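The values are calculated or read from the model by the stated rules, or taken from the named source; none is laboratory data. What you are looking at is a predicted structure, and each value in this text was computed from that prediction instead of being measured. Methodologically, a virtual Cβ is constructed for each residue, glycine included, from the backbone with ideal geometry; neighbour enumeration extends over all protein chains shown. Note: areas computed on protein heavy atoms with side chains; ligands, DNA, RNA excluded. Shrake-Rupley method; radii C 1.70, N 1.55, O 1.52, S 1.80 Å.
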Amino acid sequence: MVAKGYPLYLLIKRASGRGDESQEPSSKRVKPLSRVTSLASLIPPVKAAPLKRIGQTLQRSISFRSDCRPEIMAPRPWAKQIAPAITKRRDSKLWSETFDLGLGHMLSSTEIKRQEAIFELSQGEQDLIEDLKLAKKAYRDPMLKLSIMTEHELNQIFGTLDSLIPLHEDLLSRLREARKPDGSTDHVGHILVDWLPCLETYNSYCSNQVAAKALLDHKKQDHRVHDFLQRCLESPFSRKLDLWSFLDIPRSRLVKYPLLLREILKHTPNDHPDRQHLHHAMNMIQSIVADINTQTGESECRYYKERLLYVESGQRDLLIDSSRILSCHGELKNNRGAKLHVFLFQDVLVVTRAVTQNEQLCYQLHRQPIPVRDLEWEDLQDGEMRLGGSIRGAFSNSERTKNFFRVAFRSGGQLQTHCFQASDAFNKQQWLNCIRQAKEAVNPQTAARCSDCSADASAECPQMDPTDLTLTPVKT
């Protein structure tokens, strides 16, 4: 499930691998891979950074072996095996460890923390610049030269990434110029106040990410794309991050700025001349992030509305057309185990089935959209939904189902109900929270659950649609 209205953080796991370098024995017969060899020659080396923590230098060429390519002959017992490539990773480095400080004895603990926070801001810019350059040199350029993807497809996936590099190079240059020879920095507030308006560039980049991710996922079905990305992932320079992780790093950096500025401000004394500028910068970045988040949400909402397929003209609803907010969406199972993709827009709940049309993933409406104002919901306890056509029948524990909730809608004397199963308890709670918030936004006085369904826990709901009562086993 993808829920909206929460900060857009990216949690990146940076894993490291161990292993010694070794050469392929000359006696071993290896299938020639001329196409892949040309691939390695096209990936330019990444310039090594002055600090060890960067660790992005391309240490080895891309591995020329793949699990999907069978060996011509089985390896001999005495043959020397290739050790896995050493994964490069960034090590954390502190300001106090970077500079030779006799100065540290003269600074208060608060000032040292302030310098650490400023250094983290600067170092993060350097890391971001190198990641963006790596994405371009190691992914985009080779795929274009090898015709793995068309230029148009690559432009859609990478968006305006190129324009972000000089933007962050400018901030890094300003921060370094403000750093004194002893490594300390007195003022950064005025630099940030002057630079932050440039982040408006992120509007177009972030708004494109939904379409970019969808296209990238679709192109991964092409074996050449999949093979290329897998080889990159297995190479040291990737740090075990896939292409999308690199493309999503700018957005992760964007939402981190308020935290970085808050940390600098926290350790800046009240009488420090930089404090006023930092307060101004904090207000600016919070406003910028909120605006970009809003526009990105509207872009995602438009994207999915354009991919809805209506089986009947009566399924079209003005509430869908007028929606600008997609509160949450994701895959749920019904009580028969069939997969559905459910969208909760600001004023309407739409139940769909994912289908492919013209090689594009679309969403075909399943039954009528449900207006949020008329929607009734019920949290079903684990074990309350059972197999064999009865909700509260006497069956063994193995037949009990978990993480179900029910939504219902009555129109013109007809009741439409859906029993949904989430992937886990957390996912289920996220859905219920989003539904509750959507109803409160539409009508704060609306009851949160169906009173008839919750009136008697020992009896079947009299409003249930009989077609929704036949259950089949669903793995949870």
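Extension gain for ASP321-ASP182 works out to 44.1 nm (0.36 nm per residue, less the C-alpha to C-alpha distance). Extending 7 Å from Cα along the Cβ direction at THR201 and again at ALA290 yields two label points whose distance is 2.5 nm.
Measuring only protein heavy atoms, the 1.4 Å probe finds VAL348 accessible over about 0 Å². Using the Cβ-Cβ distance between ARG302 and SER173 with R0 set to 41 Å, the FRET efficiency from 1/(1 + (r/R0)^6) comes to roughly 0.65. Extents of segment 202-313, taken as max minus min of Cα coordinates on every principal axis and listed largest first, are 62, 50, 16 Å. You can think of it this way: the chain between GLU331 and GLN276 has 15.1 nm of extra reach, that is 0.36 nm per residue less the Cα-Cα gap. Label zone (ARG410, point 7 Å along Cα-to-C-beta; backbone nitrogen cut-off 15 Å) within segment 353-379: 374-378.
In the context of the full protein assembly, LYS213 retains an accessible surface of approximately 70 Å², using a probe radius of 1.4 Å and ignoring ligands and nucleic acids. Between ASP141 and LYS339, the distance separating the two model label sites (each 7 Å from Cα on the Cα→Cβ line) works out to 3.8 nm.
Simple spin-label estimate for PHE426 and ASP374 gives 3.6 nm between the two label positions (7 Å along the Cα-to-Cβ direction from each Cα).
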